[in-house]
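Each remark here refers to the structure printed beneath this line.
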């Protein structure tokens, strides 16, 4: 060795660096935190690190609220990939693309790493002690009702702790805001079925008639519904399920429908009543209510041919049970509640309630159930802010500066709050407006519990646990921060909990018996819980209490064409970008939109006929102007949209959020008019009217689809057959 | 237009001033004047190798500058990856491969003139085969560069040639690209050998005319002690003939193999049986037109009117015309076979060549390759130097377009419609490389002209001698008849 | 450099026609994709990025056709859409097709590679040896499906596709490719190797379900089935069998039967005879509506 001129030190260097390539990451021994990569041999590796062998930990996906259980593959102390946990009744081992990208949330290079005190556009790095002291100082100068807390849909112990904290401050101002939550449908369901979110059995239905519910894409619990859908397609006794989708802009679910019906925007309820009328099975006040909705009128108002209405009615009559879903497209109007009510009524008329619509179960700990809310909450916060009511505002898991409709002028009102604290993973638009930004652990480094809104086969509490050591030394878990803050007020009560982990463990062990751990000793129960990642509970089965009634059901006649703003703007909700909080995950940016195959940019979907009328071709940069503002984006000619509507996808158009999100696309939230559902007061997302004009600029649309468009040019590539040509019963 | 007339007038003037005595001007029917003294031949040819004029250096500089552009492009591409050339999926190939075929094709001229016509005893080839042979060698060297430039991992190019390897790894002998590499290498080495061996007697003349300097050493070394003895001449003849015989099948195979790169694949528009013949015809075609171009340039620059005579040009032009028609026919065969194949994918490729986004280039190819050569059928154009110059350049433009039209449309319009891409336009790196290849070729060729005799002195003498002999014979016969 | 090497090792498993030479034993990896279950959600594609260290090339490079999605979801419309006499709307939705390397038995890409960098493995995979690739892109030129992706740039280094921390997500079981080499779907060969290793340690063969490809594992509707076609107990074998699709035939029962066979299994470009290892099941649409 020495003879060959390679001395010992060089030799070690070679070996060491060879190992370093894999050992370099944060398993505690390396100091990624201070930017140095120390060469550490495996002799010092942590116990659980077996070089070359992956270990798996169960946790919960935090990319959306559906509560899919995940199973993270960890090697050499680094989490590499997330798979679904097969034990979960929600996702049964599967995930969606959004869930897959969870690791890019964790490893994102644009994460906030230190507590930041913001002075204008400048950041000052401060210590946590100073940050906590600052909060205490600001709170001491504010009365309880001068403090507001804005959060996304939190659940589990975090929600409890948050409640306790607000209680300790004496504030009742917890605003829960999820921009895309199905708030109107929840209210309509509550009326019709007695529960906000019943259990839908798509797999048991022979026909699913969906009014704009994108259950395969971004609606409620898409991974779960996708599995039900697969069973539904296989069908019972080879009788394949039929999906009919009624909507003005084709969603992913619409693209999978046997029949996609483009309906005039906002007339979904009228069509539902028309179908009830065509069924002819209703009686009492329902029959009276639908009497006027004969096929001629319905066809005229909705644009759906009369024959089509009859066909749907005939099929629904023939194949039972069926399932009718009211989704976000139906609820997004000023009469959204009425639309949803009409659609739910159809379900009731068809006798699906109790068969394919069942009572949902809930966890026996109501304080842990997810907090829900949408624009009503935001509006009330916004009004408070405008009135200068709040001295301290906390913001967690919401980005209202990005998602609030432009007409609300949220950003301007936010500036009136005295002291704004943002708990953030990234410097998003809202965090940039904050005075204090507190960096959070990623979902893969943090402890927590989560209770999904939509559950099947009993109830479950999902466990979130770290899949690896913290990537950055100075980030904290939200639970830890809340615990520290609540200790400022109620030190005595919480002194036994060193950290949120201890709190969580303590809280879980306290209810060990109720959580199915009776008899087991504490450690066994706790370890088993963590190993499984799910606590399954019998749950309390609710009952459906609503009754079929058409009382109070009034649907407006479609309004006459607006000359100034002739088109309806349908903000598109895509499965991967949703409300835009994950736009900084490059896999999602480069994952083509399933329908247009566009990547990295926003687009304006416009029907080819309308486009021809307006002399717009693909790649024209068009200006979409509403009463509240205007955005520019590239035009994409899309056949799956009603000619009287255009659609711009949500989620892009960030002005912050890091290198992968900033500057890509346009943000249609900005131009949404402040039109609200008349009953619930929630934002009517689809009620914005716009005009489209060419700017004269052109770009090449960056998309995966080739020059042939979606044509197969006579090649046998993706083949379509009709049910009468195949025999599904023989299939393996 | 006016300028053309002027130029044409200038040419005519020069023709009038030509050293050919007026009474032999009828000569137009004669390939060469029988009365040229052998010493004059030496003198004229050696004169072309003297210290170049200023213009030479200027042109050489521009050629070098053009080449440097390519070097710059290659360095950039090497550093950053092939992506900078604006290739993509599905456009995996581009101008590199089409220009590669172009240069390979051009190389066939030399073999045609020096080997095929040699065997056919067409002695009019003698004054012009040397530079044609140089054209062969240098265009092959240019083509070889494109193979290298094309590779994504240039530094590993040797993986695709069989070489001694302790792991016993072999390249893939099924791959036409491997055949290509071997065929081109063989062809290049044989061509260099052929060029060199054919030059030995001339190199000896060069040696004998010099007394000192590096050239003397070079020629002494290269002429291998040639003294013109009877035994040397006999050995020389046999060797030359042997290599000529060896070279002909090689030349045909080289371009057949280049055709096989396409024909052996499974892609629509490429999978055509007639491709080898089509490619060889195309190769001879572009080679001949390149010869016409260089013929005109050399004749003008070196005042070789005595050797590169109009009758020889006429013969070359007629040959070119014949090949042009063969090429046109084979083109039609290709279209017809595609059309009758009932293969929709192949038809689609053809249709989009004709009326799709490639139409301007495709019709350009048809115009330059099949319509322009029709002018060559007219006698008065067959010796009209300005017209021929322009025509020969157009023919080669057409042939370059042909290669591009073979490569690109199949990529942009292959079997799989999802990946169709009609907007692909080669990036500046690709164009830079194409541009540079002409600079590189010019550099090599200009260097050759000043270091080696671009007209074969001994063969011209031979030709003159034969003509003289023939003349004498016919005179004797005439006398005998009296 | 021995000639015996040349004769014995060179392209040992390459097929010109799958039945001529060695039958696969004990493994032949194959797939079937039910297009009726596929919703086009893209989860498989993202999972592939996560598993196989695929670089995200960015907007500009994507525009130039440099996207590296080994698995891409194609969206087709009905042929009648928007043409005269057809409908203005996609009445039957769209048709999605996940397309990745079809792992052809007689692969057009294998024969043309000058460096023998792409080869057939004993268990029927079309393998790509990154180390051996010279980047001639001939394989891509000859691929009828255009599913081979070339490293047009040096994504890990000069392009810095994985800036600090992002690089820690890279799967150590999968090579990070450098510029100038061709890559494509491998059927998650690293997972297959791991499964075969485990099975070997236990002295058995890989059972059905021991190993899943990343796309299969993630698929929310379970549209993708993957397994060992030789194993008669495997789901993929049963599916191929029930659809009467045979690996070594270039025309299947489905295409030959007059008046319809009720089957829906097919392989793309069967007529070109690449003998793909991926069977698709036709998308079904209700005739009553």
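List of remarks:
- Computed from the Cβ-Cβ distance with R0 of 25 Å, the FRET efficiency linking residue A:239 to residue A:317 stands at 0.95.
- Cα-based helix-to-principal-axis angle, A:478-489 vs chain A, degrees rounded to 10: 70 degrees
- Spherically averaged projected area in nm², based on the convex hull that wraps the Cα atoms of the protein assembly as shown: 68.2 nm²
- Of all beta bridges that DSSP places with both ends in chain A, some 55 percent have antiparallel geometry.
- Relative contact order, whole percent, for region A:183-360 stands at 33, derived from Cα pairs under 8 Å and 6 or more residues apart.
- Rounded if a/c under 1.5, otherwise prolate or oblate - region A:523-582, Cα gyration tensor axes: oblate
- Distance between modelled label sites at residue B:322 and residue B:68, nm, 7 Å Cα→Cβ extension: 4.6 nm
- Paramagnetic label reach from residue A:47 (point 7 Å along Cα→Cβ; backbone nitrogen cut-off under 19 Å): within region A:76-116, residues A:76-78.
- Prolate/oblate/rounded call for region A:183-360, Cα gyration tensor, a/c under 1.5 rounded: rounded
- The residues A:526, B:418, B:425, B:226, when put in order of fewest to most other Cβ atoms within 10 Å, stand as B:425, A:526, B:226, B:418.
- Helical contribution to [θ] at 222 nm, DSSP H n ≥ 4, -39,500 (n - 2.57), averaged over chain B, rounded to 500: -23000 deg cm²/dmol
- Percent of alpha-carbon pairs separated by more than 37 Å within chain C: 16 percent
- Globularity index of region B:149-254, i.e. its alpha-carbon radius of gyration over 2.2 N^0.38 Å: 1.49
- Hydrodynamic radius (Kirkwood) for region B:296-435, which is based on Cα pairs only, to one decimal in Å: 17.2 Å
- With the cut-off at under 18 Å, measuring from each backbone N in region B:65-94 to a point 7 Å along the Cα-to-Cβ line of residue B:450 picks out B:65-68.
- Inter-label distance, residue C:193 to residue A:310: 6.5 nm, where each label sits 7 Å from its Cα along the C-beta direction.
- Axis angle, to the nearest 10 degrees, between helix B:428-451 and the longest C-alpha principal axis of chain B: 20 degrees.
- Within region B:278-352, all pairs of alpha-carbon atoms sorted by distance into 5 Å bins from zero give the percentages 3, 15, 18, 15, 13, 10, 8, 6, 5, 4, 2, 0.
- Counted residue by residue at 0.36 nm each, then reduced by the alpha carbon distance between them, the extension gain from residue B:58 to residue B:425 reaches 128.9 nm.
- Here region B:405-482 is treated as an ellipsoid with the same Cα gyration tensor; its semi-axes, largest first and in whole Å, are 57, 23, 7.
- Distance (nanometres) between label positions extended 7 Å along Cα→Cβ at residue A:297 and residue B:216: 11.6 nm
- Förster-model FRET efficiency, 30 Å R0, residue C:205 and residue C:248, C-beta, rounded to 0.05: 0.85
- Antiparallel DSSP beta bridges within region A:567-701, as percent of all bridges there, nearest 5: 65 percent
- Cα gyration tensor category, rounded, prolate or oblate, for region A:567-701 with a/c compared to 1.5: oblate
- Ordering A:317, A:372 by the number of other Cβ atoms within 10 Å of each residue's own Cβ, fewest first, gives A:317, A:372.
- Degrees between helix A:336-349 axis and first principal axis of chain A (Cα, 0 to 90, nearest 10): 70 degrees
- Residue A:615-residue A:369 FRET efficiency (beta carbon distance; Förster radius 41 Å; 0.05 resolution): 0.20
- Per residue convex hull volume, Cα atoms of chain A, in Å³: 205 Å³
- Per-residue ellipticity at 222 nm from helix content only, as computed over chain A with -39500 (n - 2.57) for each DSSP H run of at least four residues, stands at -8000 deg cm²/dmol.
- Over region C:134-219: Kirkwood hydrodynamic radius from C-alpha pairwise inverse distances, Å: 15.5 Å
- Panel order for B:262, A:394, by other beta carbons found within 10 Å of each beta carbon, from fewest to most: B:262, A:394.
- Convex hull volume per residue, computed on the Cα atoms of chain B, equals 188 Å³.
- Compared with the alpha-carbon gap, the fully stretched path from residue A:127 to residue A:554 is longer by 147.9 nm at 0.36 nm per residue.
Taken together, the values in this text are just the output of simple stated rules run on the coordinates, not laboratory data. Note that the coordinates shown come from a computational prediction; the quantities given were computed from them, not determined experimentally. Cβ coordinates were reconstructed from backbone atoms using ideal geometry, including for glycine residues, and neighbour counts include every protein chain displayed.
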